[in-house]
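Heads up: the structure comes next, in structure tokens.
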Amino acid sequence: MRPTLAVLAVVLAVAAGCSAPGSGKEESGNDSGPIKIAVVDAQSGQLSSLGAWELKGARLAVDEWNAAGGVNGRQIQLDVFDDQGDPTIGTNLARKIDSEGYIAMIGTAESAVTIAMSPLLKQAEIPNITSGQSPGLVATKSDFLFLNGPTSTTYDETLAKHIVDQQGIKSIAMITNNGGYGKGEHDAFLKALTSRNVTPVADQVVTADQKDFSAVLTSIRQKNPKVIFLGAEEVESGLIVKQARDLGITSAFAGAAPQGTPVFLDTAGAKNAEGTIVSSPYLSNDIDEASKKFAAAYKAKFNEEAELHGAKAYDGTQILLTALKTSNVATGKPLADAIRATKHDGLLGDFAFDETGVGIFSTSIGIIKGGKLVAAES
């Protein structure tokens, strides 16, 4: 049973002198005391890997700023709250961070939770920078919501261009889930195919917590597609791939951000995931000097390899802290305006936010080879 009233709130001290939540808005909004920023993500449950990656990316950025003196001489206090991947808990947390004086929020990494929180955060005038990618985020039309990566539209248009336009493949099946992420992926990829006069040979929708995919995979096997598009998070996508290979399906798989993560690879198995086509704005830690520097710092701090979600959160946090500095620690709409005005040469690319809150509009294509995601040959 998931609690909806008793919300797990784990407070992490970042750098020195981090106090517990609940000290009041005035501490962050005036010109003294710590600047209170909330990280809201799944820290437990099936989506906890997303929350862990986002928290680490944000912590790394905050620690670097605090070590350099903070923002205009003030330290940043980063506190983390567990939404458990549940939109109801997310809305409760939106009220909580408003009442406890947080002036901005990093998160969530789950589109459905962020969409549920968005109206409350807009009303409270708390800017938030999310790692979600569903077009439904843009549809909220909130001036306080920003994306630290592209939307599914960009991910999937790039994917369709590679598979259909460049590879000439039109025999494509789709498996997506009915969650916020899956719905966004389904609609974006189907739109990209439709614009190319391609109709998927199968279009299967599963539940977000499904574990057995034998029925839908057996149906797809009969169609013998060349590519199967995955519109589901890391664990579910990995389970689909593993079960597909067990059923003798040899089709290549394709997808977006989740398919480029270690959790997907570990769940599916490296042999089963071989050849998976991935659309991502951050293919590896070796793309350029900036990614190498970030990956080295991430490894030194957390003793694990960096990946896309941590890089997204790092970029988003850098943008937020830069906006706080340039605005002299503004709050509310002035802070949101400062975020929108911030141009940032980040790990994912050159951020320039438009009126919808999107700042990155391109991805690259990678292929899983030998258990690693590498850039596809052009």
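Coordinate-derived values only; no laboratory data. All values reported here derive from a predicted model rather than from experimental measurement. Every residue, glycine as well, gets a Cβ built from its backbone with ideal geometry; the counts of neighbours run over all protein chains shown.
Each Lys and Arg contributes +1 and each Asp and Glu -1, all at the Cβ; summed about the Cα centre of segment 153-218, the dipole is approximately 160 debye.
Counted by Cβ distance under 12 Å from Gly238, the other residues give a net charge of -1, where Lys and Arg count +1 and Asp and Glu count -1.
Taking the charge dipole of the chain about its Cα centre, with +1 at Lys and Arg Cβ atoms and -1 at Asp and Glu Cβ atoms, the residue from Thr317, Ile169, Gly70 reaching farthest to the positive side is Ile169.
Considering all C-alpha pairs of segment 152-280, those separated by over 19 Å amount to 40%.
For segment 152-280, the dipole from Cβ point charges (+1 on Lys and Arg, -1 on Asp and Glu) about the Cα centre works out to 480 debye, to the nearest 20. When the C-alpha to C-alpha distance is required to be over 21 Å, the pairs from Lys242/Lys312; Lys293/Lys325; Lys242/Lys301; Lys36/Lys325; Lys226/Lys271; Lys170/Lys271 that qualify are Lys242/Lys312; Lys293/Lys325; Lys242/Lys301; Lys170/Lys271.
Kirkwood analysis of the Cα pair distances in the chain returns a hydrodynamic radius of 20.8 Å.
3J(HN,Hα) along segment 283-300, derived from phi through the Karplus expression 6.51 cos²θ - 1.76 cosθ + 1.60 where θ = phi - 60°, amounts to 6, 7, 8, 10, 5, 8, 5, 5, 5, 5, 5, 4, 4, 5, 5, 5, 5, 5 Hz, with x in place of Gly and Pro.
Expressed to the nearest 5 percent, the antiparallel share of DSSP beta bridges inside segment 152-280 is 0 percent.
Compared with the direct C-alpha span, the chain from Lys271 to Gln123 gains 48.4 nm at full extension, assuming 0.36 nm per residue.
Give me the distance between the Cα centres of segment 32-48 and segment 135-214, rounded to whole Å. A separation of 28 Å, based on Cα centres. Based on alpha-carbon centroids, what's the gap between segment 240-277 and segment 317-360 in Å, whole number please? For segment 240-277 versus segment 317-360, the Cα centre distance is 35 Å.
Just add up the charged neighbours of Ser284: K/R +1, D/E -1, any other residue whose Cβ is under 12 Å from the Cβ of Ser284.
Every neighbour counted, the sum reads -1.
Among Lys369, Lys170, a tally of other beta-carbon atoms within 10 Å of each Cβ gives an order, fewest to most, of Lys369, Lys170. Taking 0.36 nm per residue of separation and subtracting the Cα-Cα distance, full extension of the segment from Asp286 to Glu304 would add 5.0 nm.
Of all aspartates and glutamates in the structure, those lying under 17 Å Cα to Cα from Lys122, and not within fewer than 8 positions of it along the same chain, are Asp98, Glu100, Asp143, Asp337, Glu355.
Hey, what number do you get for the chain at 222 nm if only DSSP H runs of n ≥ 4 count, each worth -39500 (n - 2.57), divided across all residues, to the nearest 500?
Mean residue ellipticity at 222 nm (helix-derived): -12500 deg cm²/dmol.
Put in line by how crowded their Cβ is, counting other Cβ atoms within 10 Å and starting with the fewest, Trp65, Trp53 read Trp65, Trp53. Charged neighbours of Thr108, selected by a Cβ distance under 10 Å, balance to -4 (K, R count +1; D, E count -1).
Computed about the Cα centre, the dipole magnitude for the chain is approximately 560 debye when only Lys and Arg (+1) and Asp and Glu (-1) carry charge, each at its Cβ.
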